[in-house]
1. Divide by every residue of the chain the summed helix terms, -39500 (n - 2.57) for each DSSP H run of at least 4, and state the resulting mean residue ellipticity at 222 nm, rounded to the nearest 500 deg cm²/dmol.
2. Gly134's amide H: which non-local residues (gap 5+, or another chain) put their own amide H closer than 5 Å, with H modeled 1.01 Å from N in plane and none for Pro or chain starts?
3. What is the order of Phe47, Phe136, Phe251, Phe39, fewest Cβ neighbours within 10 Å to most?
4. Are any of the pairs Lys142/Lys249; Lys131/Lys272; Lys65/Lys216; Lys27/Lys68; Lys88/Lys125; Lys78/Lys224 more than 20 Å apart by Cα-Cα distance, and if so, which?
5. Please compute the length gained on full extension between Ser260 and Thr93, using 0.36 nm multiplied by the number of residues separating them and subtracting their Cα-Cα distance.
6. Around Phe153, what is the net charge, scoring Lys/Arg as +1 and Asp/Glu as -1 over all other residues with Cβ under 14 Å from its Cβ?
7. On a C-alpha basis, how far is the centre of segment 1-48 from the centre of segment 228-274 in Å? Whole number, if you could?
8. In whole percent, what relative contact order does segment 183-260 give with Cα contacts below 8 Å and a gap of six or more residues?
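All of the numbers you see were taken from the coordinates with simple rules; none came from a lab. What you see is a predicted model, and the numbers here were worked out from it, not measured in a lab. Methodologically, a virtual Cβ is constructed for each residue, glycine included, from the backbone with ideal geometry; neighbour enumeration extends over all protein chains shown.
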Amino acid sequence: MRIALISLDQHWQKKELNLKRCEVFIKKAIASDCKLIIFPEMTLTGFSIDSQYINDSSESIKESKTMKHFADLSQNYKINIIYGLTLKEKYQTLAENVICLAEPTSGSKKIYSKVHPFTFAGERKVIKEGKNLGLFDLDGIKFNTSICYDLRFPSFYNSASTLSDCIICIACWPEKRVHHWDALLVARAIENQSYMIGVNCTGIDGNGLYYKKSSKIVSPNGDKITAISEDKEIDIYNIDKKIVETARKEFPFLQDSNPSLYLKLSNSQKLKEK
């Protein structure tokens, strides 16, 4: 499968401008015969978690202009699109930081809500934690999805290791900790014997944080995949499910995982400490 990763230099809190730029990259992805294009976290706004802005800019899932726009783009250009935004219904106190998938024949749908809000930056004050995995299939490849800070929690990924061939993580991950991003993408790929796709934004956000271009795909063996085409904000890659199948067949360590025992050991230790 051919995939475009977009290291979008996001215009802070400017949805319409970012949407226009997204369409430019979609056209480039189509010209390269891509089946899937992936944008970073909170695609049209940047990682803006000011409580007033979140309340004002978050959209209802049934009335979301963003979801409608990406659905139209997917249908018009015949490409699958992964993008991020915040959703908030009127009855909700907190919003959700979500991943949506737009498909040419079925429009946009929410597939994942961020399980680990970034408490360090105050995200948990405005974003509620998700409770489900974000799995989907595309052309015979099983995908799992995640957002930014999720990357620091291996058990979260291990819970779906046998359910996915490829894991996507969209992010707004600052340059000052980008070495963590690089190392964790490799670790998650090796641990789960799956492709690991990391899509990070670039540029400087409204808080003055700098984001270095660092989007990449890591193989199930932990090797960085070489892009078939590279540009400032768009890189094109090929992935092959057979690579995952071969890795798991040649070194089938996932079958020896025992999560129920790990939980038992953890609970037992907690009881001892009491």
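1. -9000 deg cm²/dmol
2. Thr145
3. If I rank by nearby Cβ atoms, fewest first, I get Phe251, Phe136, Phe47, Phe39.
4. Lys131/Lys272; Lys65/Lys216; Lys78/Lys224
5. Stretched out fully, the Ser260 to Thr93 stretch lengthens by 56.7 nm.
6. Once all neighbours under 14 Å are counted, the net charge is 0.
7. Distance between centres, Cα-based: 27 Å.
8. This gives 25 percent for segment 183-260.
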